[in-house]
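The values are calculated or read from the model by the stated rules, or taken from the named source; none is laboratory data. It should be emphasised that the depicted structure is a prediction, and the values quoted were computed from it without experimental measurement. Cβ coordinates were reconstructed from backbone atoms using ideal geometry, including for glycine residues, and neighbour counts include every protein chain displayed.
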Amino acid sequence: MSETARLADQLRRAFVGPAWHGDPLLEILAGVSAETAAARPIVNAHGIWELVLHIAAWDDVVLRRTGGATVTLADAENFPAIPNASENAWRGALTAAQKTHEDLVKIVAAFPDSRLEEQVPGKTENYYTFYYMLSGITQHELYHAGQIALLKKFRTLS
């Protein structure tokens with residue numbers, strides 16, 4: 001198995017499972033209503049919906065960077081606003097995030113191992129290679145999945 005196939009597998013497992021660490025992101029999000037997703041139970045912290053949009057935004061950044069684009073997100077793109085807090089909008093956000101993630105997994109699986117040590121376009125740090133970025137996006141998703149799991153539990157307790 002190639003290294004990029006392994007990276008793609010880890011990325012897929014973080015999102016849909018099965019994951020060694022516990023529940024993957026989609027399992028954590030199962031049963032979350034628009035009301036729960038839009039809530040901000042912790043002052044000055046992002047809610048579940050905002051985190052899902054943020055994860056999708058960064059999956060898209062990595063997707064575009066693997067294609068050679070230099071991408072930087074503005075604050076409004078990094079944590080996009082919730083357009084409207086309806087169930088349909090929430091389901092649409094989940095579907096869009098899942099589609100972006102699936103596209104990213106496919107691109108990572110097809111990415112040549114020979115390019116993993118290349119510098120990511122627009123990045124000047126020596127360590128910011130494609131390998132670093134592709135490993136990091138999985139870490140990013142798991143970090144926010146943990147936050148979402150806690151917000152979900154916090155919401156059910158309040």
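If we keep just the residues of region 102-131 that are touching a residue at least 60 places away in the same chain (Cβ under 8 Å) and not in a helix (DSSP H, G or I), which is surrounded by the fewest Cβ atoms within 10 Å (Cβ to Cβ)? Of everything passing the filter in region 102-131, Pro112 is surrounded by the fewest Cβ atoms within 10 Å (Cβ to Cβ). Could we say that Gly92 is loosely packed, with under 15 Cβ neighbours inside 10 Å and over 30 Å from Lys123 (Cα atoms) here? Here the answer is yes, as Gly92 does meet what is asked.
Quick check: is even one residue across region 132-149 surrounded by 12 or more Cβ atoms within 10 Å (Cβ to Cβ), acidic (Asp, Glu) and either touching a strand residue (DSSP E or B) at 6+ places or on another chain (Cβ under 9 Å) or free of Cβ contacts under 8 Å to residues at least 40 places away in the same chain (or both)? No, the conditions are met nowhere in region 132-149.
Being surrounded by 13 or more Cβ atoms within 10 Å (Cβ to Cβ) and modelled with pLDDT under 95 is a description that does not apply to Arg65.
In the set Arg13, Arg64, Arg40, which member is out of contact with any Lys or Arg (no Cβ under 9 Å at 6 or more places or on another chain), of a type in the set (D, E, K, R), without any contact (Cβ under 8 Å) to a residue 12 or more places away in the chain and not in a helix (DSSP H, G or I)?
Of Arg13, Arg64, Arg40, the one residue that is out of contact with any Lys or Arg (no Cβ under 9 Å at 6 or more places or on another chain), of a type in the set (D, E, K, R), without any contact (Cβ under 8 Å) to a residue 12 or more places away in the chain and not in a helix (DSSP H, G or I) is Arg40.
Here Leu104 meets the list (1) closer than 21 Å to Thr4 by Cα; (2) touching a Pro at 6+ places or on another chain (Cβ under 9 Å) almost entirely, failing just condition (2).
Quick one: which of Val32, Val43 is farther than 17 Å from Gln139 by Cβ, at pLDDT below 95 and not charged (D, E, K, R)?
Working: Val32 fails: at pLDDT below 95.
Testing whether each residue is farther than 17 Å from Gln139 by Cβ, at pLDDT below 95 and not charged (D, E, K, R) leaves just Val43.
Filtering region 73-102 to residues that are modelled with pLDDT under 95 and among the polar types (S, T, N, Q) leaves only Asn84. Here Asp60 fulfils each of the conditions (1) surrounded by fewer than 20 Cβ atoms within 10 Å (Cβ to Cβ); (2) touching a Ser or Thr at 6+ places or on another chain (Cβ under 8 Å); (3) over 19 Å from Arg91 (Cα atoms) apart from (3).
Summed over region 14-55, residues that are surrounded by fewer than 17 Cβ atoms within 10 Å (Cβ to Cβ) and within 17 Å of the chain's Cα centre (by Cα) total 9.
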